[in-house]
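This report refers to the structure that appears directly beneath it.
What follows is calculated from the coordinates using simple rules that are stated; it is not laboratory data. In this text, all values refer to a predicted model and were calculated from it rather than measured experimentally. Neighbour counts run over all protein chains shown; Cβ positions are idealised from the backbone, glycine included.
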Amino acid sequence: MSAHYIQANTNGHLHPADEPSIAPLNRGFLYGDAIYEVWRTYHGVIFAWDEHWTRLEQSAKSLYMALAWSQAEMLAEIKKTTAAYRRVAGHIGELYIRLQVTRGGGPIGLDIALADRPNFVLLVQPCPLLPAAQEEKGLMLSFARTLRRNHPQTLDPAWKTGNYLNNLLCLREAKARGADEVVITNLAGEITEAAVSNIGFIRDGVMVFPPLEAGILAGITRRLVIDRVAPAAGVKVIEQTVRPEEISGMQECFLTATTKDLVPVRAIDDTVFRTGGETVTRRVKRAFGDFVLAYAQVRPQQAA
């Protein structure tokens with residue numbers, strides 16, 4: 001068995017992820033006509049299960065897509081898939097769980113009325129963790145200079161869809177310059193987010209997040225940090241527009257994402273930020289660890 005084995009579940013059928021399971025006429029493949037969510041486990045428990053499911057429902061509604069499964073039914077499918085993965089791979093650590101829902105198949109054509117029935121694919125693998133040295137030192141980011149974030153009145157970044165070309169091409173540009181991740185600006189020149197993470201800053205001890213109105217994904221980790229974790233750590237949070245020329249006035253920078261919680265950033269291009277054990281970012285990260293432990297202890301029904 002490959003060391004990179006990924007367990008799949010397509011419409012209830014368990015199989016290795018490298019085995020084909022959807023038809024070439026699937027609209028997710030043809031048109032990106034799909035939505036998705038990613039969960040991870042902490043202490044063996046699926047974290048923020050309800051919050052991610054609610055966002056999946058919101059994405060489906062935005063795309064006029066009907067979900068054919070209840071939340072309880074999908075949780076049962078996830079548990080079936082994680083159990084199969086642990087059995088085959090022998091993995092006892094934390095898991096990454098990805099659910100993609102497509103509108104289905106049908107004749108070729110953009111009209112959504114051509115779709116037959118929704119399909120789902122679950123993918124389970126180990127939760128990708130940053131090496132300890134990189135987690136300590138922080139990530140290197142670079143601004144996208146060729147493309148901007150798509151405007152909410154075109155394809156709203158708040159919808160977690162199967163269309164990621166904007167993010168993909170912006171990340172490609174930053175990677176070509178040797179960066180770990182990208183910082184994307186909108187058409188107004190304001191900072192939005194990274195390719196697969198929200199971004200935040202520390203200015204004079206205060207957490208600063210670009211607002212949702214800038215055109216970003218409403219990140220679950222971002223919202224939990226704003227509403228629960230940072231206040232528990234005694235850190236004030238504000239949401240306000242941030243422009244590239246303002247980052248030199250920030251002492252710290254970090255990313256938030258489901259699989260990473262908070263990750264320090266050491267630089268954006270030539271602007272260097274503070275990292276290490278005595279930073280505000282690290283204090284909030286520790287508080288996040290306390291938060292997820294307490295979450296897991298009272299939700300044994302979400303064990304995976």
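What the table shows:
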read-out: Among ASP261, ASP111, ASP33, residue whose mean-square fluctuation peaks in a GNM of the chain (springs only between Cα atoms under 10 Å); value: ASP111
read-out: Cα gyration tensor, region 7-126 - rounded (a/c under 1.5), prolate or oblate; value: oblate
read-out: Percent RCO, i.e. relative contact order, over the chain, from Cα pairs under 8 Å lying at least 6 residues apart; value: 19
read-out: Neighbour-count order for PHE143, PHE254, fewest beta carbons within 10 angstrom listed first; value: PHE143, PHE254
read-out: Fewest-first sequence of PHE120, PHE288 by Cβ atoms within 10 Å of each Cβ; value: PHE120, PHE288
read-out: Sequence-separation-based contact order of region 7-126, relative, with Cα cut under 8 Å and 6+ spacing, percent; value: 38
read-out: Folded to 0 to 90 degrees: helix 165-176 orientation relative to the chain principal axis, Cα; value: 50
read-out: Under 5 Å, built H, 5+ apart or other chain: amide partners of CYS253; value: ILE202, VAL265, ARG274
read-out: Calculated FRET value between GLU213 and ILE238, using beta carbons and R₀ = 22 Å, to 0.05; value: 0.95
read-out: Cα lying deepest toward the dipole's positive end in the chain, options ALA195, GLY138, ALA294, charges on Cβ; value: ALA294
read-out: For ASP33, residues with placed amide H under 5 Å, excluding near neighbours; value: GLY28
read-out: Computed over region 74-155: relative contact order in percent, which uses C-alpha pairs under 8 Å that are six or more apart; value: 27
read-out: Protection-proxy order for peptides 295-302, 185-192, each taking the mean of Cβ atoms within 10 Å per residue, highest first; value: 185-192, 295-302
read-out: Solution diffusion estimate, µm²/s, Stokes-Einstein, region 151-225, Kirkwood Rh from C-alpha pairs, 4 °C, viscosity 1.567 mPa s; value: 99
read-out: Radius of gyration and Dmax over the Cα atoms of region 132-295, both given in Å; value: 14.8, 43
read-out: Whole-Hz ³J(HN,Hα) from phi, Karplus 6.51 cos²θ - 1.76 cosθ + 1.60, for region 125-134, glycine and proline x; value: 8, x, 5, x, 10, 5, x, 4, 5, 6
read-out: Unit charges on C-beta of K, R, D, E only; dipole of region 1-148, Debye; value: 160
read-out: For CYS127, CYS170, order by how many other beta-carbon atoms lie within 10 Å, fewest first; value: CYS127, CYS170
read-out: Selected from ALA23, ALA294, ALA133 as most flexible by GNM, with the chain as the system and alpha-carbon contacts under 10 Å; value: ALA133
read-out: Under 20 Å between alpha carbons - lysine pairs in the chain that sit 8 or more apart or on different chains; value: 8
read-out: Highest to lowest packing among 24-30, 215-221, 272-278, 196-202, scored as the average C-beta count within 10 Å; value: 196-202, 215-221, 24-30, 272-278
read-out: Rounded to the nearest 20 debye, dipole of the chain from Cβ charges on Lys, Arg, Asp, Glu; value: 400
read-out: Separation of the ALA267 and GLU73 label points, Cα + 7 Å toward Cβ, nm; value: 5.2
read-out: Potential extension, ILE92-LEU147 segment - 0.36 nm per residue separation minus Cα distance; value: 15.7 nm
read-out: Prolate/oblate/rounded label for region 1-66 (Cα gyration tensor, a/c 1.5); value: oblate
read-out: Separation between Cα centres of region 221-244 and region 251-304, rounded to whole Å; value: 12
read-out: Karplus-derived HN-Hα couplings along region 267-274 (A = 6.51, B = -1.76, C = 1.60, θ = phi - 60°), whole Hz, x at Gly and Pro; value: 6, 10, 6, 8, 8, 9, 10, 6
read-out: Global geometry of region 215-304, whether rounded, prolate or oblate, following the gyration tensor of its Cα atoms and the 1.5 cut on a/c; value: prolate
read-out: Inter-site label distance for HIS13 and ALA83 at 7 Å from Cα along Cβ, in nm; value: 2.1
read-out: Structure-derived semi-axes √(5λ) of the Cα gyration tensor in Å - corresponding label in (i) 32, 24, 18; (ii) 35, 25, 15; (iii) 51, 21, 17; value: (i)
